[in-house]
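The values are calculated or read from the model by the stated rules, or taken from the named source; none is laboratory data. Note that the structure is predicted; figures quoted are calculated from it, not measured. For neighbour counting, all protein chains shown are included, and Cβ atoms are generated from backbone atoms with ideal geometry for every residue, glycine included.
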Amino acid sequence: MLPFPRFSFEAPDTVAEVVRLATLPGAMLLSGGTDLLPSVKHRLFQPDVLVSTRRLRELHGYREGADGGLTLGAGMRLSELSRNADVRMRFPALAAAAATVATPTIQRMGTLGGNLMLDTRCMYYNQPAGWRAALGGCLKCEGTVCHVAPKGAGCYAAHSADTVPVLYLLGAVACFATTSGDLRIPVAELYGDDGRTWLRSPRGALLVTVDIPAAKAPIVYRKLRQRGAIDYGLVLTAVTREAAGFRAVISAVGPRPIEVSGATAEALVDAAMAVVQPLATHQQAVPWRRKMVKVELMRAVSGL
Ligand SMILES: Cc1cc2nc3c(=O)[nH]c(=O)nc-3n(C[C@H](O)[C@H](O)[C@H](O)COP(=O)(O)OP(=O)(O)OC[C@H]3O[C@@H](n4cnc5c(N)ncnc54)[C@H](O)[C@@H]3O)c2cc1C
Ligand code: SF4
C-alpha cells in the first residue's frame, strides 16, 4: 500500500471560494479523486492542499439547454451519466462512453468534470515514484528525457478520457469559473499538443457545467482496450455521419483528440492514417495500434 504525502483538505460551499483556493500555489481541485488520489500516492503531484468540489450544488445534476440539448453538472458521476434516462435518450453514445470507464465502482466515484480534466497517460509516467526514479524520471515528471521519443523536446503522453471524443463530436462546451470570471471553451479547443500542458484552461479554473447542444446525428463510440474492464483505451473512436460525409474523433493516440473527416468511409480512414501516429506510450506494439485505428474506424462506421 502506497502512503499519501501530507496535504490539507478544504471543502468550501461556494464556487468563488473554491476557485480562490484552487488558484493558490500548491493547490489542486479534487472531485471523485479516482485519478488524482492514485497520482498523489505515486508522487506525480505533491499538492499542499486539495480543494474539494463536492459541496458545490452548481456542479450537481443537469438541466434542459436552450435548444433541446442538456447542461450537465461537472460533478455528475459517470454512473449517473450512463444510467440517466435523458442522457441515454438524447446522447446514447455519451452514456455508453461513460459506462466504459474503468469499473462500476470507479464510475460511482468518478465525475464528468474529472474525466474532462483527466491527466494524459504514458507507461513511463503512470508509475510509482521508485519505478520512475530507476529511469531518472522523464520530461513530464522529474527528468530531462522522453523515453518514448528521446530526441524530441515534447511529451506525447496520451489523452485517454472516454467521454471526450463523443463530447467533441457533439460540439459540447466546457464552462469554467475562474478568478477573473466565467470562461467557455469548446471541448474541441480544450486540449493542447504537449502531454505536459494538455489543458488550455487556466490553472485553478473550476469546470462547473458542460453544455451539450441537441444532437444532429447518431454517434458510435468504440473503445479498444486490452481487457473488458479497468483498462484505459488503446484507441478511442467516435464517429458520426453528416451531410458532407463522415466525421470522427480519435483519441488515446497522442496528447489531444484528433478530428478527421471524409466523404466516404474509405476517405475517412485515409484521412486518419495520414495524421494519426501512435507512439510507444503504451505496452502494446505501435504498428498494431496504428493498424487498429483503421479497424476501429471501419467498425464504428458500420455501426452507424
Ligand atoms: C483503475 C482505474 C482505471 C481507470 N480507467 C479509466 C478509463 O478507462 N477511462 C477514463 O476516462 N478514465 C479512467 N480512469 C480515471 C478516472 O476514474 C476517470 O477519468 C474519472 O472520470 C475522473 O473523475 P474524478 O472525479 O475521479 O477526477 P479526480 O481524480 O478528482 O480529478 C482528476 C483531475 O481533474 C481535476 N478536476 C476534477 N474536477 C474538476 C473540476 N470540476 N474542474 C476542474 N478540474 C477538475 C483534478 O484537479 C484532477 O487534475 C481510471 C481510474 C482508475 C483508478
Ligand atoms: S511521452 Fe515521454 S515525456 Fe511524456 S510521459 Fe511519456 S516518457 Fe514522459
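What the table shows:
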item: Enumerated strands (runs of 3 or more DSSP E) restricted to region 214-304, each holding at least 3 residues that are within 15 Å of the chain's Cα centre (by Cα) and more than 19 Å from MET123 (Cβ to Cβ); result: none
item: Total residues in region 1-16, condition of a type outside the set (Asp, Glu), surrounded by 11 or more Cβ atoms within 10 Å (Cβ to Cβ) and closer than 21 Å to THR179 by Cα; result: 5
item: Positions within region 159-182 being in a strand (DSSP E or B), in contact with a Lys or Arg (Cβ under 6 Å, 6 or more places away or on another chain) and not β-branched (Val, Ile, Thr), in sequence order; result: CYS175
item: Hits in region 108-151 (condition: aliphatic (A, V, I, L, M), within 22 Å of the chain's Cα centre (by Cα) and either over 23 Å from GLY204 (Cα atoms) or outside any helix (DSSP H, G or I) (or both)); result: MET117, LEU118, MET123, LEU139, VAL148
item: Every residue from region 88-104 that is in a helix (DSSP H, G or I) and not aliphatic (A, V, I, L, M); result: ARG88, ARG90, PRO92, PRO104
item: Qualifying residue in region 67-74 (condition: touching a Phe, Trp or Tyr at 6+ places or on another chain (Cβ under 6 Å), outside any strand (DSSP E or B) and closer than 30 Å to ALA96 by Cα); result: no
item: Of all residues in region 14-58 being assigned to a helix (DSSP H, G or I) and in contact with a helix residue (DSSP H, G or I) (Cβ under 7 Å, 6 or more places away or on another chain), the one that is nearest to ILE106 (Cα to Cα); result: GLU58
item: Flag if ILE185 is surrounded by fewer than 24 Cβ atoms within 10 Å (Cβ to Cβ), among the β-branched types (Val, Ile, Thr) and in a strand (DSSP E or B); result: yes
item: Criterion (in contact with a strand residue (DSSP E or B) (Cβ under 9 Å, 6 or more places away or on another chain), at pLDDT 95 or above and exposed (fewer than 15 other Cβ atoms within 10 Å of the Cβ)) met by exactly one of VAL260, VAL239, VAL275; result: VAL275
item: Qualifying residues in region 28-78 (those that are in contact (Cβ under 8 Å) with a residue 60 or more places away in the chain and within 16 Å of ligand 2 (Cβ to nearest atom)) - the one nearest to GLN127 (Cα to Cα); result: HIS42
item: Extreme residue, nearest to ligand 2 (Cβ to nearest atom), among residues of region 136-169 that are surrounded by 24 or more Cβ atoms within 10 Å (Cβ to Cβ) and more than 17 Å from GLY254 (Cβ to Cβ); result: THR163
item: Any hit, region 136-145, residues being touching a His at 6+ places or on another chain (Cβ under 6 Å) and more than 10 Å from ligand 1 (Cβ to nearest atom); result: yes
item: Some residue of region 194-205 being of a type in the set (Lys, Arg), in contact with an Asp or Glu (Cβ under 7 Å, 6 or more places away or on another chain), on the phi < 0 side of the Ramachandran plot and in a loop (DSSP other than H, G, I, E, B); result: yes
item: Residue pairs meeting the criteria (Cβ under 8 Å; at least 6 apart or on separate chains; first closer than 20 Å to LEU190 by Cβ and within 16 Å of ligand 2 (Cβ to nearest atom), in region 102-127; second of a type in the set (Asp, Glu) and part of a loop (DSSP other than H, G, I, E, B)); result: LEU118/ASP35; ASP119/ASP35
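Yes/no per residue for (1) touching a residue at least 40 places away in the same chain (Cβ under 8 Å); (2) under 19 Å from TYR156 (Cβ atoms); (3) hydrophobic (A, V, I, L, M, F, W, C):
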position: TYR232; (1), (2), (3): yes, yes, no
position: VAL239; (1), (2), (3): yes, no, yes
position: GLY245; (1), (2), (3): no, no, no
position: ILE250; (1), (2), (3): yes, yes, yes
position: GLY254; (1), (2), (3): yes, yes, no
position: LEU268; (1), (2), (3): no, no, yes
position: PRO278; (1), (2), (3): yes, yes, no
position: VAL301; (1), (2), (3): yes, no, yes
